[in-house]
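The values are calculated or read from the model by the stated rules, or taken from the named source; none is laboratory data. What you are looking at is a predicted structure, and each value in this text was computed from that prediction instead of being measured. Note that each Cβ is placed from the backbone with ideal geometry, even for glycine, and that neighbours are counted across all protein chains shown. Ligands, DNA and RNA are stripped out before the accessible areas are found, and what is left, the full protein with its side chains, is counted by its heavy atoms. Shrake-Rupley method; radii C 1.70, N 1.55, O 1.52, S 1.80 Å.
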Amino acid sequence: MFPVAEKDRAVVQLLLDAGTCPRCVLRFCSVGSQLLYRHPQQDLLKDLQEFLKSSQEKEGTVGLDVADPPCKRLRLGHQEEGADELNHNGAIPQLPSAGDTGNTGNAALDSSAGRVCNVCLGILQEFCEPDFVKKVCQKVNSADYQFTSFVFSVSLPPQLSVRERAAWLGVKQQMRNLGLPLAKDDIVQLKEAYKWIIHPQLAEELGVPADGKSLFEVSVVFAHPETDEECHFLATACPDCFKPAKNKQSVFTRMAVVKALERIKEEDFLKHFPCPPSSPKNLCDALEIQCNNGAVFVAGRYNKYSRNLPQTPWIIDGERKLESSVEELISEHLMAEFKADSFNFSSSGREDVDVRTLGNGRPFAMELVNPRRIHFSAEEMRRLQQAINDSSDKIQVRDLQLVTREAIGRMKEGEEEKTKTYSALIWTDKAIQREDIVFLDDIKELRLEQKTPLRVLHRRPLAVRCRLIHSMRSEYIDQHHFRLHLRTQAGTYIKEFVHGDFGRTKPNIGSLLNRTADILELDVESVDVDWPPTLAE
């Protein structure tokens, strides 16, 4: 027995006569049996033929009951009133009566077999076949990804929404003409039906389950150039729905088309588009078969021992100023091991090119985009850390580990409240004695007002920032030099606190000592962020 309601017999006949494929017929009849959609399309067509031939007049659903989860529906028949009774050509088509079942089944079989579906444009036909599934899996396997499950996504041509509306309105017109009722059932979405069919085949071929939460995505992008312009009449009827957007090649996106279809009046739609739609000559094209792994996040701490190494590539007007950077020395190894497409580097603050980072290092994190390899043991991460450290004497990395996206947020939490300690070598123009600087040791919670330094004004907005020097400790060296150890609020400009930046930082060491002061060397001694977790050596 076939799971189509007797009340839908005329709908089945009308759709098949119009060139609709068996699976789309099931969608329009709100059949939610996932297993049924997986039957070969020729078998489904024969089943529909037998259904049309049957003389059963029993009301309600006939036959097969399959326990499946509820499916998403696409509501097409929300505009019931005020419709024009004419089709695109202005004529009411002549159809067989509801009781005439003599040859309609064979006619439907003959008219539908071998034709490209006028609704799905072949997606629920050729692109559900094992050959296409194998093509997708060959693409996945050749890309050499590590994955334990997958999520499948599909991008459909926007004109499919137009064709679904046209097919529905065509059925509604003709049912009225036959004097038959048409229930306001919702149809099964094409994407959902396609995934019902394709998921089991992909899972079997790839050897892993489909999982909606998987980070590994297999996607197929369909296009149908032959019917690309079928959406264009909507831009005249609903211009507000089609606005140019960044990163969009066309204003006719699926969402824009759906929005326009919700607004356009039924009679206006019927004037501009044939209902039911005609069958195209060609199938859809599978433009792209793509794979993408969710990002992997690696964190650690780095020490920088060079005074001639920027944190990130130093490029001005397209010209590289220094040959390398902290970011590049670390990312080179991570990119190679994780086989990622690209990366995003972030850290808890940054040091100038001539500033060293000592102590337990500065926390950093790296997002590796679309990695082919994602599984690393603790021992493999230790070896990767050692490889980074062996490659250069300018940096060292510690506590290298895999982390979650959410954990990276801890690195940025309360950034203004963090403390950092520094060691600065300071020069003064006038001679000093030990007693001239000892008072600095007693200053606690010194409040500064710092205008954006001149040296960074080209990349940061002009503002006055209040910062705290929590404590200082001085070490006398000679009449013109001393070392100052500072514990400060994060975000304090230490160089400007020493020399004053032409009065833009107040107070400053120069004003406190009543003489000109400048900084010769600066080291970051600690960044007081308790992240990432310390690992055993």
Among the listed residues VAL133, VAL140, which satisfies the condition of being modelled with pLDDT of 95 or more and either in contact with a strand residue (DSSP E or B) (Cβ under 7 Å, 6 or more places away or on another chain) or within 27 Å of PHE242 (Cβ to Cβ) (or both)? VAL140
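Each row is one residue, and each column tells you yes or no for (1) out of contact with any Asp or Glu (no Cβ under 7 Å at 6 or more places or on another chain); (2) not acidic (Asp, Glu).
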site	(1), (2)
PRO310	yes, yes
VAL326	yes, yes
GLU337	yes, no
THR357	no, yes
Looking only at the range 383-428, count how many residues are more than 33 Å from the chain's Cα centre (by Cα) and exposed (fewer than 12 other Cβ atoms within 10 Å of the Cβ). 2
Only one residue in PHE482, PHE497 is open to solvent by less than 30 Å² (accessible area, probe 1.4 Å) and not in a strand (DSSP E or B). Which one? PHE497
I'm trying to understand the selection: among the residues of the range 129-163, which are among the basic types (Lys, Arg) and open to solvent by 10 Å² or more (accessible area, probe 1.4 Å)? LYS134, LYS135, LYS139
Only one of these is touching a residue at least 60 places away in the same chain (Cβ under 8 Å) and in contact with a helix residue (DSSP H, G or I) (Cβ under 6 Å, 6 or more places away or on another chain): THR516, THR505, THR534, THR492. Name it. THR516
Of all residues in the range 286-312, which are in a loop (DSSP other than H, G, I, E, B) and of a type in the set (D, E, K, R)? ARG307
Condition met for ARG373 (of a type in the set (Lys, Arg), part of a helix (DSSP H, G or I) and modelled with pLDDT of 95 or more): no
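Residues are listed down the side, and each one gets a yes or a no for (1) at pLDDT 95 or above; (2) assigned to a loop (DSSP other than H, G, I, E, B):
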site: PHE2; (1), (2): no, yes
site: ALA10; (1), (2): no, no
site: THR20; (1), (2): yes, yes
site: CYS24; (1), (2): yes, no
site: LEU48; (1), (2): no, no
site: PHE51; (1), (2): no, no
site: SER55; (1), (2): no, yes
site: LYS58; (1), (2): no, yes
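Would you confirm, using the coordinates I've provided, whether GLY77 is at pLDDT below 85, surrounded by fewer than 20 Cβ atoms within 10 Å (Cβ to Cβ), of a type outside the set (A, V, I, L, M, F, W, C) and over 33 Å from the mean Cα position of the chain (by Cα)?
no
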Within the range 500-537, residues in a strand (DSSP E or B) and within 30 Å of ILE408 (Cα to Cα) come out as LEU522, ASP523, VAL524, GLU525, SER526, VAL527
Where TRP168 falls short, out of the listed (1) more than 29 Å from THR253 (Cα to Cα); (2) crowded, with 16+ Cβ neighbours inside 10 Å: (1)
Please go through the range 154-183 and pick out each residue that is within 19 Å of TYR194 (Cα to Cα) and in a loop (DSSP other than H, G, I, E, B). LEU156, PRO157, PRO158
I'd like to check which helices (runs of 4 or more DSSP H) are fully inside the range 201-285 and have at least 3 residues that are over 30 Å from ASN141 (Cβ atoms) and open to solvent by 60 Å² or more (accessible area, probe 1.4 Å). 254-263
